[in-house]
1. From the residues in segment 8-38 that are of a type in the set (Val, Ile, Thr) and in contact (Cβ under 8 Å) with a residue 40 or more places away in the chain, which one is surrounded by the fewest Cβ atoms within 10 Å (Cβ to Cβ)?
2. Taking the residues in segment 8-37 that are out of contact with any helix residue (DSSP H, G or I) (no Cβ under 7 Å at 6 or more places or on another chain), assigned to a strand (DSSP E or B) and hydrophobic (A, V, I, L, M, F, W, C) as candidates, determine which candidate is farthest from residue 112 (Cα to Cα).
3. Just one of (1) in contact with a Cys (Cβ under 8 Å, 6 or more places away or on another chain); (2) in a loop (DSSP other than H, G, I, E, B); (3) not acidic (Asp, Glu) trips up residue 58, so point out which.
4. Restricting to segment 99-124, count the residues that are closer than 21 Å to residue 44 by Cβ and either charged (D, E, K, R) or touching a Cys at 6+ places or on another chain (Cβ under 6 Å) (or both).
5. Report every pair of residues separated by at least 6 positions or lying on different chains whose Cβ atoms are under 7 Å apart, first residue within segment 77-95 and free of Cβ contacts under 8 Å to residues at least 12 places away in the same chain, second surrounded by 10 or more Cβ atoms within 10 Å (Cβ to Cβ) and polar (S, T, N, Q).
6. Picking from 71, 75, 56, 64, which residue would you name as being on the phi < 0 side of the Ramachandran plot and under 11 Å from the mean Cα position of the chain (by Cα)?
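The values are calculated or read from the model by the stated rules, or taken from the named source; none is laboratory data. The structure presented is a predicted model; accordingly, all values stated were derived computationally and were not measured. Neighbour counts are summed over all protein chains in view; Cβ atoms, including those assigned to glycine, are modelled from backbone coordinates with ideal geometry.
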Amino acid sequence: MLADAAAIAFVPSTDLERSRAFYGAVLGLELREQTPFACVFHAGGTMVRVTRVDELRPQPFTVLGWAVPDLRAALADLVAAGVTFHRYDGMPQDEDGVWQTPGGDLVAWFPDPDGNTLSLTQFA
């Protein structure tokens, strides 16, 4: 029923101006609209709606991620822009925080300013 419908991603934020700067200037997403309730970005054909919330308890799992052709290059660009990548105890990650799945995919995780976990994945 929804196979041909465009998906919309939602990310909560307690500070839209801070999120606008991060998702726009740091991640490079195109801002399409800002209202008192949300910043609406465009990312590779998907609408990313960063929605204002009064309170937020970040979850311990990825809420939004990107498939990238070259994870190392994307990671280096984000680190140069001031983004730090998560390291997880007990997970074999390399010196950059990259984990390789048993199937050969590369994955790295990083927080947005509200502590939401975002990820990059380079599929094998």
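1. First, the residues of segment 8-38 that are of a type in the set (Val, Ile, Thr): 8, 11, 14, 26, 35.
Next, only the ones that are in contact (Cβ under 8 Å) with a residue 40 or more places away in the chain stay: 8, 11, 14, 26.
On the way: 8: 10, 11: 20, 14: 14, 26: 15.
If we take residues in segment 8-38 being of a type in the set (Val, Ile, Thr) and in contact (Cβ under 8 Å) with a residue 40 or more places away in the chain, then 8 is surrounded by the fewest Cβ atoms within 10 Å (Cβ to Cβ).
2. Filtering segment 8-37 for residues out of contact with any helix residue (DSSP H, G or I) (no Cβ under 7 Å at 6 or more places or on another chain) gives 8-12, 14-28, 30, 32-33, 35-37.
Then keep just the ones that are assigned to a strand (DSSP E or B); that gives 8-12, 30, 32-33.
Now drop any that are not hydrophobic (A, V, I, L, M, F, W, C), which leaves 8-11.
On the way: 8: 18, 9: 15, 10: 13, 11: 10 Å.
Only one residue tops the list, namely 8.
3. All conditions are met except number (1).
4. Number satisfying all stated conditions: 2.
5. If the second residue must be surrounded by 10 or more Cβ atoms within 10 Å (Cβ to Cβ) and polar (S, T, N, Q), the pairs left are 87/93.
6. Working: 71 fails: under 11 Å from the mean Cα position of the chain (by Cα); 75 fails: under 11 Å from the mean Cα position of the chain (by Cα); 56 fails: under 11 Å from the mean Cα position of the chain (by Cα).
It is 64.
Residue-wise test of (1) of a type in the set (S, T, N, Q); (2) part of a strand (DSSP E or B); (3) at pLDDT 95 or above; (4) surrounded by 14 or more Cβ atoms within 10 Å (Cβ to Cβ).
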| site | (1), (2), (3), (4) |
| --- | --- |
| 66 | no, yes, yes, yes |
| 69 | no, no, yes, no |
| 75 | no, no, yes, yes |
| 84 | yes, no, yes, no |
| 97 | no, no, yes, yes |
| 110 | no, yes, yes, yes |
